[in-house]
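Let me begin by presenting the structure, written as structure tokens, before commenting on it.
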There are 2 protein chains.
Amino acid sequence: MKNTEFLDACRNAIGAAHVLTDEADKAGYLTDQRQRFTGAALAVVKPADTAEVAAIVKLCAQFQIPIVPQGGNTGLVLGSVPDQSGQAIVLSLKRLNRIRAVDPLNHTITAEAGCILQHIQEAAAAEQTLFPLSLAAEGSCTIGGNLSTNAGGTAVLRYGNTRELCLGLEVVTAQGDILHGLRGLRKDNTGYDLRDLFIGAEGTLGVITAAVLKIFPLPKAQLTALAAVQAPADALRLLSLAQSRCGATLTGFELMSDLCLQLVAKHFPQLQFPFAQRHPQYVLLELSDNESAEHASALLEAVIGDALEQDICQDAVLASSTAQSRALWQLRESISSAQAMEGKNIKHDISLPISRIAEFIAVTDALLQQHFPACRNVTFGHLGDGNLHYNVSSPVDSSAEQFIERQADVNRIVHDSVDRMGGSISAEHGLGALKREEILRYKSPVEMALMKTIKQALDPLNLMNPGKVI
Amino acid sequence: MKNTEFLDACRNAIGAAHVLTDEADKAGYLTDQRQRFTGAALAVVKPADTAEVAAIVKLCAQFQIPIVPQGGNTGLVLGSVPDQSGQAIVLSLKRLNRIRAVDPLNHTITAEAGCILQHIQEAAAAEQTLFPLSLAAEGSCTIGGNLSTNAGGTAVLRYGNTRELCLGLEVVTAQGDILHGLRGLRKDNTGYDLRDLFIGAEGTLGVITAAVLKIFPLPKAQLTALAAVQAPADALRLLSLAQSRCGATLTGFELMSDLCLQLVAKHFPQLQFPFAQRHPQYVLLELSDNESAEHASALLEAVIGDALEQDICQDAVLASSTAQSRALWQLRESISSAQAMEGKNIKHDISLPISRIAEFIAVTDALLQQHFPACRNVTFGHLGDGNLHYNVSSPVDSSAEQFIERQADVNRIVHDSVDRMGGSISAEHGLGALKREEILRYKSPVEMALMKTIKQALDPLNLMNPGKVI
């Protein structure tokens, strides 16, 4: 009865065509990207603009209906799918997909939450500028989701996380009010930082409907090299060298263990391995240069030359064309797929102080071997910003399924090790429903209490994405 | 009686020598930097470390004593001095002045709130790294104050505000609990962004006691040029040109009107004006180069050469030594003093979308001339990040005192103009007590309500710097 009345009110507010209640229509919104969980929803509601979002949220507050905001639904921590109670609505932001403004002189772009990340990249490129946020799901994830999860990606070393790329937000509060904060300002000290409170809150404090984002001058050249090193500690020495020589020109610094590239070779034999022999670790470096391809090339050659001379790296290849650069990146980007083709595995999205990464890998690898003999560490990631995808596969010739059953034990070893070294158990994916319990082990009661206080203050009815984050 | 009991408890907690109640001892903490206001305090309390801060805050909560946190007391908006009731304590953080750690590999420095900014710069430099926050008060302001006001300064264009330079915080909450958030991580998505809530809150939500700050590879060379341009719009064209050519190597971009440099010439005749003739506007550019002085020099010459050729600028000088660079910066840094020596004036610390700055200056200058004929605009600032110090002096040969009496009317014209163009009435100084009423005119009721909700949730007794910000 209450639900019928609520759904009728929703249909009145935004049109019946945009309130999906048929099971078939809803199905595409209820399962997470990695198909691990399927929830249920009273309806999938698809407002067209901010005013309609506000109207729907007001109705939800009035009828006490929980709201699960959803963008591209590409998240990895079950943050954008509803639970199985069927009481919540999925609030899809996909129809809020307009680029509202591009201001090249102010270096800003204003985009609605449902804009696909790739479309924003393209809108920036059309003005000869760069929107640097880049990640695997960019063809289907939305900027609202990127903001709500403070997404990272491959360019954080130079440009920061999504948080650092956002100057202003438009938000619908849990009460259904519109916070007009679309300021395109580099400096603004007029009160509490509401923007950063909604960024990374995974839709639990309000609904982000639009954002002013930073764009940058388009680099004249991007150049890539792959260096072979002996150990993670040498990769870190190479990072220091490259940073001191290249400054902000260094835009990518990715670590891959030899096992990562062995799996790529096995499952993607068409991808060429660029060295004559194998090495324990590899580093992918990328420079983005505002001067010229010649300048970038000379700089990269100088850095690699120094590293070879100082025995920091043992071998290196420099891409001399965009096609070669793409080929090197493809090695890096094929690791996840290669590992999946090898069988199910246990993934960790962790970050550490960069100075402790070598120690972390050594200590944690050893701990895992002790408890799970012959398990395989498939370690790679954005070394430049301390973010490792520290994935673990089952031993060769043993059951991946059986190994996965011990995921909680593996997590415990890895996450405890992360915690001892001052790291984070979720670097760029968020908490969602998946790590909501896990984080209680690592955050202090004071921090959890502050988070609860804020949640309670901004969403006293607990209707905004309940069961996520907190 | 209550007060006596409270003060005794404070003395027990941190030692009698650090609880100042003599008027003479307190005096230095009660007047603001520009000597516009003197408040009163029950005591000035000077804890030695975070545990003592927590103990004092707990006592304040217990006895319901308001707290005014204070660092170097160099703020410009009356944020760090108490009101005249005499009921509050000043909580001086000056004794929390230890550099706790420098981690060159992680590019972080961990410093307590009472560290003088310059000491942090020096600690970073000792490790061949750069802590880029730099502002006029750096010899006496503290990092706790910089964080609490999200200070800006001259390097925001490249490195961001204090907010962007901070990775983690230790905070004593209004309840006297310690939030241990000294994480040195570039990526951490494990819940609400408490860090950014305390940054810029001007001590109204809790007391920042320590921070993990970003440091950077020390540039190999810094090079400065002064370019003469016809109008602010040309300065903006020069900015676009320099940004597209230099990227992140461009670390400073300051605008100064001719009147600014005329006042400097009048009051600091020993400083040399570097051009043969006067021009309407000047731009100070600074490059920080990770390669070499030669590279920086060639790049700067190329940019200036292009600008001259495209008639964006009419003349330019390039500093060929550190001494010459210093001399150019001294012109810029002497403007405030020169204007003060010319007489009292009305200051505005504003920011705008960069694309609207030329229009803002034209429109607002004209409005002021209409209402205050012959008033003098002394406009300069950090053009690269949209921050103008839009100061107004009285007409020549008229009374500065009488002009100052009409400050509210001048502010109304300037701030309304800022607001119409999407700007901020406080770019880098904060709100404090000075702009707390003024902001009500420009923030929406929804934004103010959210700020009040947060204040009420985190500081329900309203003891943390009451009467500031909100």
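The values are calculated or read from the model by the stated rules, or taken from the named source; none is laboratory data. Nothing here was measured: the structure is a model prediction, and the numbers come from that model. Note that we place each Cβ from the backbone using ideal geometry, even for glycine, and neighbour counts take in every protein chain shown. Side chains included, ligands, DNA and RNA excluded: accessible areas come from the protein's heavy atoms. Shrake-Rupley method; radii C 1.70, N 1.55, O 1.52, S 1.80 Å.
General remarks:
- Partner chain coverage, peptide A:447-453 - average Cβ within 10 angstrom: 6
- The range B:205-329: relative contact order as a whole-number percent, Cα under 8 Å and 6+ apart: 44
- Total charge dipole magnitude, the range B:221-336, about the Cα centre, Cβ charges on Lys, Arg, Asp, Glu only, Debye to nearest 20: 420
- Distance from the range A:77-102 to the range A:418-445 (C-alpha centre basis), Å: 24
- Dipole of the protein assembly as shown, positive end: most advanced residue of B:LEU463, B:THR38, A:ALA101 [Cβ charges, Cα centre]: B:LEU463
- Cα centroid separation, the range B:370-404 to the range B:152-194: 35 Å.
- Element breakdown for chain A at a 1.4 angstrom probe: carbon and sulfur atoms account for 50% of the accessible area.
- Between chain A and chain B, roughly 6500 Å² of accessible surface gets buried, counting both sides and using a 1.4 Å probe.
- Farthest positive-ward along chain A dipole, Cα basis, beta-carbon charges - from A:VAL396, A:ASN3, A:SER321: A:ASN3
- Excluding ligands, DNA and RNA, the accessible surface per residue across the range A:1-148 is 40 Å² with a 1.4 Å probe.
- Using alpha-carbon coordinates, inclination of helix A:2-14 to the longest axis of chain A, degrees: 70
- The packing ranking of peptides B:442-451, A:142-151, B:207-216, highest mean first, is A:142-151, B:207-216, B:442-451, where packing means the average number of other beta carbon atoms within 10 angstrom of each residue.
- Net charge dipole, chain B: roughly 800 debye, given to the nearest 20, about the Cα centre with Cβ charges of +1 for Lys and Arg and -1 for Asp and Glu.
- Excluding ligands, DNA and RNA, the accessible surface per residue across the range B:304-400 is 38 Å² with a 1.4 Å probe.
- Part-to-part distance (alpha-carbon centres) for the range B:283-338 and the range A:237-314, which is given in Å: 34
- Take B:THR38, move 7 Å from Cα toward the beta carbon, and the resulting point lies 7.7 nm from the same point in each other copy, nearest first.
- Label distances, nm, A:ASP258 versus same residue in remaining copies, Cβ-directed 7 Å point: 7.1
- Average accessible surface for the range A:170-301: 29 Å² per residue, computed with a 1.4 Å probe over protein heavy atoms with every protein chain in place.
- Available extension along the chain between A:SER399 and A:LYS344 is 18.9 nm, counting 0.36 nm per residue and deducting the alpha carbon span.
- Scattering curve values for the range B:19-158, log₁₀ I(q)/I(0), Debye with Cα scatterers, q = 0.10, 0.19 Å⁻¹: -0.36, -1.10
- Against chain A, whose longest principal axis comes from its Cα atoms, helix A:322-333 is set at around 70 degrees.
- Residue-count net charge about B:GLU52 - beta-carbon cut-off 10 Å; Lys, Arg +1, Asp, Glu -1: +1
- The contact residues of the range B:269-293, meaning those that lose at least 30 Å² of 1.4 Å-probe accessible area when all protein chains sit together rather than their chain alone, are B:ASN290, B:GLU291.
- A Förster distance of 51 Å, applied to the separation of the beta-carbon atoms of B:ALA276 and A:ALA126, puts the FRET efficiency at 0.70.
- Net charge of the neighbourhood of A:ARG237, taken over other residues with C-beta under 12 Å away and scored Lys/Arg +1, Asp/Glu -1, is -3.
- 20 Å Cα-Cα threshold exceeded, pairs from A:LYS452/B:LYS455; A:LYS435/A:LYS455; A:LYS347/A:LYS435; B:LYS344/B:LYS443: B:LYS344/B:LYS443
- Compared with its chain on its own, the range B:154-171 contains the following residues whose accessible area drops by 40 Å² or more in the full protein assembly (probe 1.4 Å; ligands, DNA and RNA excluded): B:ARG163.
- Normalised by residue count, the range B:343-435 yields a Cα convex hull volume of 91 Å³ per residue.
- Computed on chain A, with alpha-carbon pairs under 8 angstrom and 6+ residues apart, the relative contact order is 15 percent.
- Considering the range B:227-375, its Cα convex hull presents a mean projected area of 9.6 nm².
- Simple Cβ-charge dipole of the protein assembly as shown, Lys/Arg +1 and Asp/Glu -1, about Cα centre, in debye nearest 20: 1520
- Peptide A:417-426 is shielded by partner chain Cβ atoms: per residue, an average of 3 of them sit within 10 Å of its Cβ.
- Members of the range B:173-205 that become less accessible by 40 Å² or more once partner protein chains are added (1.4 angstrom probe, chain alone as reference): B:LEU179, B:ARG183, B:LEU185, B:ARG186, B:LYS187, B:ASN189, B:THR190, B:GLY191, B:TYR192, B:ASP193, B:LEU194, B:LEU197
- For the range B:140-192: rounded, prolate or oblate by the Cα gyration tensor [a/c cutoff 1.5]: oblate
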